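Here the structure is laid out as structure tokens; the discussion comes afterwards.
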């Protein structure tokens, strides 16, 4: 436990070294909701059909914003491996009396806490400013889903951050993955109107699973049996990513 707390403390010191960065992390989800949500809400004036009901685009997009924020924090945290590797501190960490799993858990625990704060800000401001119909009784499930999402994407991206040696190659991979995963998912629009091949890819996308779960927990719409299946799939994705991330660190020794 002390090892995990030590890694968390280091993440905390790094984060507060730039208050602008911290401010960006905490308020960016709500900024996305304002920029995209208001514009598309007017474009889709009749609303979005979801589970046989029409909802405003702001209601629909809130889950997408939260899911995108989890993915963004995972990108920033995994990219930190390149900085640590360049200055040598990463290899020094591997000599400390801690397991590789404790090292990864320490990094993700602090960043999950950041995700929880930004989620609460986005949800509260979304309900107050944009009048999004939040299912407040499911808020704890929203927070749990945010922790799962941030962890899963961090461990997944860590695999590539540790195995890819060149910074430019990792940036290229991140940009391609970001574009494909975000736009072939249920994040910005419902999947049902998409062409058949895109629906197949979207339903196989873990970002869709995470977004659908958040959408059910935030506004209460979606098929519960499908959501449960998607959550099981995402947990398996998280566990597999964690195992591969630990194996990737061990390869560097």
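The values are calculated or read from the model by the stated rules, or taken from the named source; none is laboratory data. All figures in this text were calculated on a predicted structure; none of them were measured in a lab. Note that each Cβ is placed from the backbone with ideal geometry, even for glycine, and that neighbours are counted across all protein chains shown.
Taking the criterion of being free of Cβ contacts under 8 Å to residues at least 12 places away in the same chain and farther than 19 Å from residue 145 by Cα, the residues of the range 193-211 that qualify are 193, 194, 195, 196, 197, 199, 200. Whether any residue in the range 43-63 is part of a helix (DSSP H, G or I), out of contact with any helix residue (DSSP H, G or I) (no Cβ under 8 Å at 6 or more places or on another chain) and either closer than 24 Å to residue 143 by Cβ or modelled with pLDDT under 75 (or both) is what I want to check. There is no residue in the range 43-63 that is part of a helix (DSSP H, G or I), out of contact with any helix residue (DSSP H, G or I) (no Cβ under 8 Å at 6 or more places or on another chain) and either closer than 24 Å to residue 143 by Cβ or modelled with pLDDT under 75 (or both). A Cβ distance below 9 Å, combined with a sequence gap of six or more or placement on separate chains, defines the contacts here; from the range 113-138, residues that are at positive phi reach residues that are assigned to a loop (DSSP other than H, G, I, E, B) and surrounded by 15 or more Cβ atoms within 10 Å (Cβ to Cβ) in the pairs 131/56. Look at (1) closer than 14 Å to residue 74 by Cα; (2) in contact with a helix residue (DSSP H, G or I) (Cβ under 6 Å, 6 or more places away or on another chain); (3) in contact (Cβ under 8 Å) with a residue 40 or more places away in the chain and you find that residue 178 fails only one, number (2). Of the helices (runs of 4 or more DSSP H) lying entirely inside the range 134-253, the ones with 3 or more residues being more than 18 Å from the chain's Cα centre (by Cα) and surrounded by fewer than 17 Cβ atoms within 10 Å (Cβ to Cβ) are found at 167-183, 196-203, 224-251. Looking across the range 78-133, the residues that are modelled with pLDDT of 75 or more and not in a helix (DSSP H, G or I) come down to 130, 131, 132, 133.
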